[in-house]
Amino acid sequence: MPANEILNQIIALISSFEHPGVRTFKDNLVNWGDQWKAVSLQWLPVANLLPSDLHNGIVRLTKRDVTMEEIAHLLGLFHKYKDQLHWEQSYSKADKAVSRAMLAGYGFAEIIGKNGPFLSDRIRCGIGIWGPHISYPKHRHQAEEIYLVMSGSAVFTLDGSTSMSAFPRDVIHVASMRDHGFETQAQPLIVLYLWQSGDLREKSTFV
């Protein structure tokens, strides 16, 4: 089953990832639950932004890095099975803070969470993709979140003024109800996202 391959690689990646923000998610991820359900296939064009060359734009280190190899493996699985996932968006034209460029150029596929395929009320995890030069306005939600950058880059803004550039292998940790947003750069941004605590399907509030 394709989803099982993706799940196993996500757990392997996060289990071996040494970062204070990631560490707090490991227990919930490993113990996500034991129920599975089939999800309807749903396509978004943004899935075509997944790189076919696993090392195109993601390996920026000069020496071999085990974590980057694991990220490359996971990206390869998402590319391989991209037409067997349920791609969706949280926002619509009714959300005035969201630009038309963002609506046309972003999407995500949940792997673990309330909507499955691996059902969990402890953690939500999946892949998120934003095209080049997209601004995701500042927003907040109750859930604690991490973005693990797998490909591309973005400038993240936390609270009112703290900005940081994030590249492959970097982690952005967002505490509950902390304002955050980002702007992607010249390449598509592809992240592994994880949520825990709070409503795992909460729609973010723009600030």
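The conditions of being surrounded by fewer than 19 Cβ atoms within 10 Å (Cβ to Cβ) and under 22 Å from LEU119 (Cβ atoms) are not met by GLU183.
Would you please name the residue that is surrounded by the most Cβ atoms within 10 Å (Cβ to Cβ), looking only at residues in the range 162-180 that are of a type outside the set (Ser, Thr, Tyr) and part of a loop (DSSP other than H, G, I, E, B)?
Let us first name the residues in the range 162-180 that are of a type outside the set (Ser, Thr, Tyr), namely 164, 166-175, 177-180.
Now drop any that are not part of a loop (DSSP other than H, G, I, E, B), which leaves 167-170, 175, 177-179.
Details: PHE167: 14, PRO168: 23, ARG169: 18, ASP170: 17, ALA175: 12, MET177: 12, ARG178: 15, ASP179: 16.
Filtering first and then ranking leaves PRO168.
Within the range 113-125, being out of contact with any helix residue (DSSP H, G or I) (no Cβ under 7 Å at 6 or more places or on another chain) and on the phi < 0 side of the Ramachandran plot holds for LYS114, ASN115, LEU119, SER120, ASP121, ARG124. Cβ-Cβ distances below 9 Å connect the following pairs, each with a first residue in the range 83-95 that is assigned to a loop (DSSP other than H, G, I, E, B), a second residue that is among the acidic types (Asp, Glu), and a separation of six or more residues or different chains: LEU85/GLU110.
Among residues of the range 136-168 being without any contact (Cβ under 8 Å) to a residue 40 or more places away in the chain and hydrophobic (A, V, I, L, M, F, W, C), the one that is nearest to ASP199 (Cα to Cα) is LEU158. In the range 1-39, what residues are part of a loop (DSSP other than H, G, I, E, B) and surrounded by 13 or more Cβ atoms within 10 Å (Cβ to Cβ)? Answer for the range 1-39, where residues must be part of a loop (DSSP other than H, G, I, E, B) and surrounded by 13 or more Cβ atoms within 10 Å (Cβ to Cβ): PHE17, HIS19, THR24, PHE25, TRP32, GLY33, VAL39.
Every number in this text was worked out from the coordinates using simple rules, so none of it is lab data. None of these values were measured; they are calculated from a predicted model. Counting neighbours? That spans all protein chains shown, and the Cβs are built from the backbone with ideal geometry, glycine included.
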